[in-house]
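The values are calculated or read from the model by the stated rules, or taken from the named source; none is laboratory data. Computed from a predicted model, the values in this text were never measured in an experiment. Note that we place each Cβ from the backbone using ideal geometry, even for glycine, and neighbour counts take in every protein chain shown. The accessibility values were calculated without ligands, DNA or RNA, using every heavy atom of the protein model including side chains. Shrake-Rupley method; radii C 1.70, N 1.55, O 1.52, S 1.80 Å.
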Amino acid sequence: MNDSSAISDYRRKHRVGREIICDCCRKTFPFCWRCRCGFKICQACMHANLWGMSCNGITWECPDCGGQNGFGNQ
């Protein structure tokens, strides 16, 4: 069942092009934290800038729009 040749067409189609460009370091990643305004930040940049983006470790504030985002809603 875990054979890569047995992956459905739907899954293969939606997996392609999932690379995201971090707005901070401009590198490509398969996962980035996202704000509703479109701002994207990779895990490494989030970790480096967490001191200024979160005061409680549960939510983070978008530097572009100032919106509050949770860490568990991705």
Residue tally, condition among the aromatic types (Phe, Trp, Tyr) and part of a helix (DSSP H, G or I), over region 50-74: 1
All but one of (1) at pLDDT below 90; (2) of a type in the set (Val, Ile, Thr); (3) in contact with a Phe, Trp or Tyr (Cβ under 7 Å, 6 or more places away or on another chain) hold for residue 7; which doesn't? (3)
In region 32-49, anything surrounded by 13 or more Cβ atoms within 10 Å (Cβ to Cβ) and either of a type outside the set (Val, Ile, Thr) or part of a helix (DSSP H, G or I) (or both) is listed as 32, 33, 34, 35, 39, 40, 42, 44, 45, 46, 48, 49
Out of the residues in region 17-31 meeting the condition of being closer than 21 Å to residue 65 by Cα and in a loop (DSSP other than H, G, I, E, B), tell me which one is modelled with the lowest pLDDT. 31
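Each row is one residue, and each column tells you yes or no for (1) closer than 18 Å to residue 72 by Cα; (2) touching a helix residue (DSSP H, G or I) at 6+ places or on another chain (Cβ under 8 Å).
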| site | (1), (2) |
| --- | --- |
| 22 | no, yes |
| 41 | yes, yes |
| 44 | yes, no |
| 48 | no, no |
| 52 | no, no |
Taking into account only those residues within region 50-73 that are open to solvent by 40 Å² or more (accessible area, probe 1.4 Å) and among the aliphatic types (A, V, I, L, M), which is nearest to residue 21 (Cα to Cα)? 50
